[in-house]
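What follows is a short report on a single structure.
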Amino acid sequence: MPNLKDIKTRINSVKNTQKITRAMKMVAAAKIKKAEYTVKSSRPFSEELLVMFKRMLSTIGEQPDLQDSSEKYAHAINNYPALLTRREVKTEGIIVITSNKGLAGAYNANIIKEVLKRIEENSSKGIETKLYVAGQKGIVALQHRKDINIVKKYIAVMNNPNSSGANIIAEDIAEDYVSGEIDKIEVITTRFNNMMSYSIQHWELLPVKIEYNKEEHKLDALMEFIPNPKEILKKIVPMYITNEIFHALLEAYASELAARMTAMSAATNNAEEMIKELTVSFNKARQTSITNEIIEIVSGASALEG
């Protein structure tokens with residue numbers, strides 16, 4: 001017979017867990033409204049910036065001859081000629097964006113799975129992979145593997161995604177790209193769809209691929225650069241790289257909250273079902289105990305009468 005005390009203890013334990021999951025669901029629901037507004041507001045700018053950048057490269061060429069040997073750059077992110085240079089890919093850098101906190105269902109596991117798949121693909125082609133991992137969960141999941149090279153770790157940036165964090169990541173990858181340590185940069189993150197779903201996505205950050213149909217935009221031939229392409233690229237290349245990373249951080253943060261809200265909602269519902277089942281078991285056990293006690297009393301009374 002189940003122990004009444006054990007069942008009661010388990011019911012109280014599940015109730016306490018339910019309080020935590022319900023609170024986490026409410027916190028995620030409160031935060032996701034702001035995150036959803038922020039990420040959806042940033043999309044038009046990011047999309048138009050990418051289109052404009054590709055239009056420029058389509059007009060002046062993917063590798064414009066703008067290198068000035070006398071020009072010095074205080075930061076690698078400003079070295080736009082080097083950042084636009086294409087070369088044979090021997091080493092690929094991947095920016096991996098995960099979360100700092102768990103209890104978000106399979107959110108982080110799905111991202112890690114995509115990263116491992118990409119590393120395996122590169123390995124089969126003889127390409128080395130270097131990771132720039134944002135988020136404690138991604139770092140913990142990947143750092144123990146000997147076949148994975150994590151060159152940079154970012155934890156604080158995922159607590160509150162902002163442009164400062166994006167600038168730090170952008171400068172790091174730009175420095176390694178300019179120095180030739182990596183020949184290609186990709187981003188693996190999530191895209192926020194709605195409060196119930198997200199999708200894993202990855203795209204090439206550098207070098208920029210031109211997938212622009214001039215036939216659909218015949219006026220591009222009239223594009224003029226004032227004062228000149230060089231001065232515009234000085235501004236737009238760092239802006240493009242930093243904004244792409246910043247937008248990826250925003251998408252990931254909103255997706256994480258959506259995943260956590262969904263996971264905590266399911267956990268709360270499961271806890272409610274478990275409490276109901278345990279309560280039924282408790283009542284049955286208690287009834288059995290009472291019945292046994294009555295039988296023992298009746299048996300004792302019958303023995304005395306006999």
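Read-outs: derived from the displayed coordinates by stated rules, not from any lab. Here the structure is a predicted model, which means the values were calculated and not measured. In this analysis, Cβ positions are derived from the backbone assuming ideal geometry, glycine residues included, and neighbour counts consider all displayed protein chains.
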> Points 7 angstrom from Cα along the Cβ direction at LYS15 and ASN162: gap in nanometres?
Replying inline: 4.3 nm
>> Taking 0.36 nm per residue of sequence separation and subtracting the Cα-Cα distance, how much length would be gained by fully extending the chain between ARG87 and LEU304, in nm to one decimal?
In response: 68.1 nm
> If amide H atoms are built 1.01 Å from N in the plane of the peptide, which residues on other chains or at least 5 residues away come under 5 Å of the amide H of ALA134?
Replying inline: VAL96, ILE97, THR98, TYR154
>> Quick check: residue separation of GLU204 and SER124 times 0.36 nm, minus the Cα distance between them. What number comes out in nm?
In response: 26.9 nm
> Expressed in nm to one decimal, what extension gain is obtained for the pair ILE295 and ASN270 from 0.36 nm per residue of sequence separation less their Cα-Cα distance?
Replying inline: 5.3 nm
> Whose amide H sits under 5 Å from the amide H of GLN201, counting only residues 5 or more places off or on another chain, with H placed in the peptide plane?
Replying inline: THR189, THR190, ARG191
> Tell me, what ³J(HN,Hα) does each residue in the stretch 22-29 have, in order and in whole Hz, if you take phi through Karplus 6.51 cos²θ - 1.76 cosθ + 1.60 with θ = phi - 60° and put x for Gly and Pro?
Replying inline: 5, 5, 5, 5, 5, 5, 5, 5
> Which pairs, out of LYS34/LYS235; LYS72/LYS230; LYS31/LYS153; LYS146/LYS184; LYS40/LYS234, put more than 19 Å between their alpha-carbon atoms?
Replying inline: LYS34/LYS235; LYS31/LYS153; LYS146/LYS184; LYS40/LYS234
>> What is the distance in Å between the Cα centroid of the stretch 152-198 and that of the stretch 266-281?
In response: 41 Å
> What is the spin-label model distance, in nm, from LYS153 to PHE45 if the labels are put 7 Å beyond Cα along the C-beta direction?
Replying inline: 3.2 nm
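Inverting the mean 1/r over all pairs of different Cα atoms, compute the Kirkwood radius of the chain and quote it in Å.
Kirkwood hydrodynamic radius for the chain: 23.0 Å.
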> Ranked from highest to lowest mean number of other Cβ atoms within 10 Å per residue, what is the order of the peptides 134-142, 108-116?
Replying inline: 134-142, 108-116
> Each residue of the stretch 87-104 in turn: what ³J(HN,Hα) in whole Hz from Karplus with 6.51, -1.76, 1.60 and θ = phi - 60°, glycine and Pro shown as x?
Replying inline: 8, 4, 7, 10, 9, 10, x, 10, 8, 9, 10, 10, 10, 8, 10, x, 6, 10
> Whose amide H sits under 5 Å from the amide H of ILE185, counting only residues 5 or more places off or on another chain, with H placed in the peptide plane?
Replying inline: GLY93, LEU205, LEU206
> Applying the Karplus parametrisation 6.51 cos²θ - 1.76 cosθ + 1.60 with θ = phi - 60° to the phi angles of the stretch 43-49, what ³J(HN,Hα) value in whole Hz is obtained for each residue in order, glycine and proline being reported as x?
Replying inline: 4, x, 5, 4, 5, 6, 4
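Report relative contact order for the chain in percent, whole number only (criteria: Cα-Cα under 8 Å, sequence separation at least 6).
31 percent
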> At a Förster distance of 22 Å, what's the computed FRET efficiency of PHE225 paired with TYR73, Cβ-Cβ distance as r, to 0.05?
Replying inline: 0.60
